Structure formats: structure tokens, C-alpha cells
Amino acid sequence: MPEYWLVNLKENCLEVFQQPENGRYTSYRSLKAGSVFVCGNGKQVMIGCVLV
């Protein structure tokens, strides 16, 4: 599943866009440190590790 990650340093969060359809992403999540995210490939990412 294609996904796009944006590390938002100003808000200290990871913004995840998924499920592209007709040139737009139909799913959006904003995740803070302490959260765990499961990628489209099934692997887990600890958000705090991304926001270093």
C-alpha cells in the first residue's frame, strides 16, 4: 500500500497519508511521540524514534 510520511517538526508529529485514490490520499493520521504505527508492509514504527 503506498503511503507518504511527513515529519512535522513544528508540531512534533508524524503525518501519515495512505490510500491514494484519483491523485489524492484518502486516509490521514497525525501521530505524536509515544504512539506506535503499523506501516502498509506490516512493520511497526515507534513514532518517538522518527521524531529525533
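Give me the accessible area per residue for the chain, probe 1.4 Å, as a whole number in Å².
Accessible area per residue: 74 Å².
With each pseudo-label sitting 7 Å past Cα toward Cβ, what's the LEU6-VAL52 distance in nm, one decimal?
Simple spin-label model gives 2.4 nm for this pair.
Can you compute the modelled spin-label distance between SER35 and ASN22, with each label point 7 Å from Cα toward Cβ, in nm?
It is 2.6 nm.
Looking at the chain, which trypsin sites (Lys or Arg not before Pro) are in a loop (DSSP not H, G, I, E or B) and have at most 14 other Cβ atoms within 10 Å?
The qualifying sites are LYS10, LYS43.
The values are calculated or read from the model by the stated rules, or taken from the named source; none is laboratory data. Please read these numbers as outputs of a predicted model, since none were measured by experiment. Counting neighbours? That spans all protein chains shown, and the Cβs are built from the backbone with ideal geometry, glycine included. Side chains included, ligands, DNA and RNA excluded: accessible areas come from the protein's heavy atoms. Shrake-Rupley method; radii C 1.70, N 1.55, O 1.52, S 1.80 Å.
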